[in-house]
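Derivation of every value follows stated rules applied to the coordinates shown; laboratory data play no part. In this text the structure is predicted, and so the values were computed from the model without any measurement. Methodologically, a virtual Cβ is constructed for each residue, glycine included, from the backbone with ideal geometry; neighbour enumeration extends over all protein chains shown.
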Amino acid sequence: MGNPVISVHVSRGGIVESKHRIHAVILSSDGRQLHSWGDMQSPVYPRSAIKALQALAFMELGGAEHFQFTDEEIAIMCASHNGEEKHTATVQAMLTKLGMHLHDFECGHHWPMRVQAGYALARAGQTPNNLHNNCSGKHAGMLALAKLMNADNRHYINIDHPVQQKIAQTMAQMCECDFEQAPWSPDGCSAPTWAIPLPNLALGFAKFADPVGLADNSKKACQKLFQAVVDNPFMVAGTERYCTDMMGVLGSRVFLKVGAEGVYIAAIPDLKLAIALKCEDGAARGAESVMTALLDLVGATDHVDSKHLVPYRQVTLKNWNGLRTGDVTCVLPELS
């Protein structure tokens, strides 16, 4: 019998209406798989979940100090942000420090992820620009890396550009995976994304959480990047987002990051481990439900008053009149 997956049941009126299947692994910084569920072999696109490791390439070279980036600016390099005013102002401040402009971005633009921010733009008679792209902080970091490396910033999103080659090298070292052979595709923001198995993704973030075995510059970069993010969780996502809210609840002990299509990672320095998961159908509600359950499982939530975790452990569905219509429940297979 194969390794069972984790299931998330969505119920309505006493019956299960929908199910999400989740593959997940909990892995220590020395590479031991503490628990796993589902497929550990097939490659998965981490999408935005891997942004901290993309930013690490810049941090290892001392880029934050060189450009005098604040902790908020460091944190937003790891973000899939809502496009709220504080997010766009922070990215603009980075561009100003770099002496660059909106036209230097190659990420494209879209309406802010938070609809209220989009409404505010529309009321002001404005349309979105590249600052509102949820990956604009990552792209500001990539432009900064190009400048730091004295590389032409044009076409910095191309897979053969020095910026992307440096990023791939850093991620390959952290995840211990051959990125030259890994499947890849342009991500939603047009920068490359590589597919790797879940254990390799978890290993990269376990080492990020516990970098004692890394070179001194990498160790310091991991620690500075982690602290900047957990101290400024709003920059990573924003209002009413699981990443931001849960990091606020956990009190800077855990770095959480979502990726598109149901991917999530958690890096937990106190426990020297990381969690990586993928919801088969790409549903965020399935991924978030399981992440909460796994944070409970490893003890990352032990210090938190249970009342603060109730909204994440017992997810209730309501209709437009506020009436309860169902529940989202994680069904964790019994551990052997």
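Some values worked out for this structure:
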item: Peptides 211-219, 236-244, 254-262 ordered by average Cβ neighbours within 10 Å, highest first; result: 254-262, 236-244, 211-219
item: Paramagnetic reach from residue 335 (point 7 Å along Cα→Cβ, amide N under 18 Å) across region 1-30; result: 3-7, 23-30
item: Neighbourhood charge, 10 Å Cβ-Cβ cut-off, centred on residue 23 and excluding it, Lys, Arg +1 and Asp, Glu -1; result: 0
item: Listed residue pairs exceeding 29 Å between alpha carbons, taken from 138/207; 272/318; 19/219; 278/318; 220/257; 138/318; result: 272/318; 19/219; 138/318
item: Simple label model, 7 Å out from Cα along Cβ direction - residue 220 to residue 327, nm; result: 5.1
item: Relative packing of peptides 322-331, 27-36, 171-180, 53-62 - highest average C-beta neighbours within 10 Å first; result: 53-62, 171-180, 27-36, 322-331
item: Candidate aspartates and glutamates for bridging to residue 86, where Cα separation is under 20 Å - those fewer than 8 sequence places away on the same chain excluded; result: 71, 72, 73, 231, 240, 245
item: Angle between the chain longest axis and helix 162-175 axis [Cα atoms, degrees, rounded to 10]; result: 40
item: Packing-based exposure ordering (other Cβ within 10 Å, fewest first) of 74, 15; result: 15, 74
item: Helix 284-298 vs. the chain, principal-axis angle (Cα, 0 to 90°, nearest 10); result: 80
